[in-house]
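Okay, structure first, notes after.
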Amino acid sequence: MDLKYLRTFQAITRTGSFQKAAQALSYAPSTVTFQMKQLEKELGVPLFERRGHQQQLSSVGASVQPYIENVLAASDKLLSFCQSDALTGSLTVLLPESLLTYHLQPILEEFRKKAPAVRLSLQVENCFSIYDKMRLGQADVALHYGVGNYPPSFSVQPLRKYPLVLVASPKLSEEDSDFITPNQTKPLCLLLNDARALYLTFFHSYLREKCITLAQEMDVWSLEAIKQCILSNIGIAFLPEFVVHRELQEGTMKEIPVEMEQKEMTAILVRRKEAEDNPVIQCFEDIVRAHFAAEEEAETGEKL
């Protein structure tokens, strides 16, 4: 039985809803739903029941709750006992804003539990800059999108592929939403947080191929600011789909069709091979791999 599912159950009972638990754990709501379905399947009992538009704890779930709390409490005590030789030192991690903002929160939470004495430094950089800094030995670990081949002295672990989307406000006209027809000049603003972001290099290349010209570009510094600008119909943006997944599902944003060959990026985990025996780095790597594997498992389960 996966303890992660039990902790999600605990978060639901403490926050009062699936939605609030997803926010507290930095999960997508669909991930929380998937995990609870898996837990109910393993236990063979319905833990929740729908009342109106809400999922509430069932009578069986209420009876099971104390046992789950006991298991988690015992797990925490065991971890505390086993970590008497606590991990110490420091760890510097390079990563882009998108992965830090939308994926790293549960990873950080788990790492802090397992290595509370380690001084963790997170440095947000462009993926090309991350690649250069890792090769120069300026960080211990990098979590970024692949932009080039590392030397043989590095361990490079592919984590998963992420699709890219062009998004806009539903208010954007049909004519302005046409990014298929070539040779256009559009009165639109392209919103960006980093002009050298890997996904923007793909989109700029596409615009050149199609001979599509936009009126201007606006650097708004953060992905959350970009999203707010899109919701206000200030401009369009080309982003990893997970950044705007909820907004697309809720219909507050729309995807604009494009005919691009390169519509995905691969997230990778990088370190020097010589650091294989470093317990702090290994701890962080194990947590990262487990998180991305669970995320992909959850999405696969949704599609079945």
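Select, from Val258, Val243, Val280, the only residue that is over 30 Å from Pro116 (Cα atoms) and of a type in the set (A, V, I, L, M).
Values: Val243 fails: over 30 Å from Pro116 (Cα atoms); Val280 fails: over 30 Å from Pro116 (Cα atoms).
None of the other options fit; the residue is Val258.
Condition test on Lys41, is it modelled with pLDDT of 90 or more, over 21 Å from the mean Cα position of the chain (by Cα) and surrounded by fewer than 14 Cβ atoms within 10 Å (Cβ to Cβ)?
On the way: modelled with pLDDT of 90 or more: yes; over 21 Å from the mean Cα position of the chain (by Cα): yes; surrounded by fewer than 14 Cβ atoms within 10 Å (Cβ to Cβ): yes.
Yes, satisfied.
Residues in the stretch 109-132 that are within 19 Å of the chain's Cα centre (by Cα), surrounded by 17 or more Cβ atoms within 10 Å (Cβ to Cβ) and assigned to a helix (DSSP H, G or I): how many?
4
If you take the residues of the stretch 213-237 that are surrounded by 18 or more Cβ atoms within 10 Å (Cβ to Cβ) and of a type in the set (Gly, Ala, Ser), which of them is nearest to Cys189 (Cα to Cα)?
Of everything passing the filter in the stretch 213-237, Gly235 is nearest to Cys189 (Cα to Cα).
Could you look through the stretch 133-183, keep only residues that are more than 23 Å from Gln262 (Cβ to Cβ), among the polar types (S, T, N, Q) and open to solvent by less than 60 Å² (accessible area, probe 1.4 Å), and pick out the one that is modelled with the lowest pLDDT?
Looking at residues that are more than 23 Å from Gln262 (Cβ to Cβ), among the polar types (S, T, N, Q) and open to solvent by less than 60 Å² (accessible area, probe 1.4 Å), I get Ser153.
Before we move on, is Glu255 acidic (Asp, Glu), in a helix (DSSP H, G or I) and open to solvent by 60 Å² or more (accessible area, probe 1.4 Å)? Steps first, answer last, please.
Working: acidic (Asp, Glu): yes; in a helix (DSSP H, G or I): no; open to solvent by 60 Å² or more (accessible area, probe 1.4 Å): yes.
Taking the combined requirement at face value, the residue does not satisfy it.
Open to solvent by less than 70 Å² (accessible area, probe 1.4 Å), at pLDDT 95 or above and in contact with a Pro (Cβ under 6 Å, 6 or more places away or on another chain): does that describe Lys210?
Working: open to solvent by less than 70 Å² (accessible area, probe 1.4 Å): yes; at pLDDT 95 or above: yes; in contact with a Pro (Cβ under 6 Å, 6 or more places away or on another chain): yes.
Taking the combined requirement at face value, the residue satisfies it.
Would you mention how many residues in the stretch 133-157 are over 17 Å from Ser98 (Cβ atoms), touching a helix residue (DSSP H, G or I) at 6+ places or on another chain (Cβ under 9 Å) and assigned to a loop (DSSP other than H, G, I, E, B)?
Count: 8.
Examine the stretch 55-75 for a residue that is open to solvent by 40 Å² or more (accessible area, probe 1.4 Å) and in contact with a Ser or Thr (Cβ under 7 Å, 6 or more places away or on another chain), and state whether such a residue exists. Walk me through it before giving the result.
Of the residues in the stretch 55-75, the ones open to solvent by 40 Å² or more (accessible area, probe 1.4 Å) are 55-57, 59-60, 62-63, 65-67, 69-71, 73-74.
Restricting the remaining residues to those that are in contact with a Ser or Thr (Cβ under 7 Å, 6 or more places away or on another chain) gives 57, 65.
Yes: the stretch 55-75 contains one or more residues that are open to solvent by 40 Å² or more (accessible area, probe 1.4 Å) and in contact with a Ser or Thr (Cβ under 7 Å, 6 or more places away or on another chain).
Looking at Glu299, Glu285, which is the one that is open to solvent by 20 Å² or more (accessible area, probe 1.4 Å), assigned to a helix (DSSP H, G or I) and on the phi < 0 side of the Ramachandran plot? Reasoning before the result, please.
Numbers: Glu285 fails: open to solvent by 20 Å² or more (accessible area, probe 1.4 Å).
Among Glu299, Glu285, only Glu299 is open to solvent by 20 Å² or more (accessible area, probe 1.4 Å), assigned to a helix (DSSP H, G or I) and on the phi < 0 side of the Ramachandran plot.
Quickly run through the stretch 1-38 and pick out the residues that are among the small types (Gly, Ala, Ser) and within 19 Å of Val243 (Cβ to Cβ).
Restricting attention to the stretch 1-38, the residues satisfying the condition of being among the small types (Gly, Ala, Ser) are 11, 16-17, 21-22, 24, 26, 28, 30.
Answer for the stretch 1-38, where residues must be among the small types (Gly, Ala, Ser) and within 19 Å of Val243 (Cβ to Cβ): Ala22, Ser26, Ala28, Ser30.
Mind checking which residues of the stretch 184-207 are open to solvent by 70 Å² or more (accessible area, probe 1.4 Å) and of a type outside the set (Lys, Arg)?
Step one: of the stretch 184-207, the residues open to solvent by 70 Å² or more (accessible area, probe 1.4 Å) are 185, 187, 196.
The answer is Thr185, Pro187.
Answer with yes or no whether Val280 is in contact with a strand residue (DSSP E or B) (Cβ under 7 Å, 6 or more places away or on another chain), farther than 22 Å from Cys127 by Cα, assigned to a loop (DSSP other than H, G, I, E, B) and in contact (Cβ under 8 Å) with a residue 24 or more places away in the chain.
Working: in contact with a strand residue (DSSP E or B) (Cβ under 7 Å, 6 or more places away or on another chain): yes; farther than 22 Å from Cys127 by Cα: yes; assigned to a loop (DSSP other than H, G, I, E, B): no; in contact (Cβ under 8 Å) with a residue 24 or more places away in the chain: yes.
When the stated conditions are applied, Val280 does not pass them.
The values are calculated or read from the model by the stated rules, or taken from the named source; none is laboratory data. Note that the coordinates shown come from a computational prediction; the quantities given were computed from them, not determined experimentally. Don't worry about glycine lacking a Cβ; one is built from the backbone with ideal geometry, like all the others, and counts go over all protein chains shown. These area figures cover heavy atoms from the full protein model, side chains too; ligands, DNA and RNA do not enter into them. Shrake-Rupley method; radii C 1.70, N 1.55, O 1.52, S 1.80 Å.
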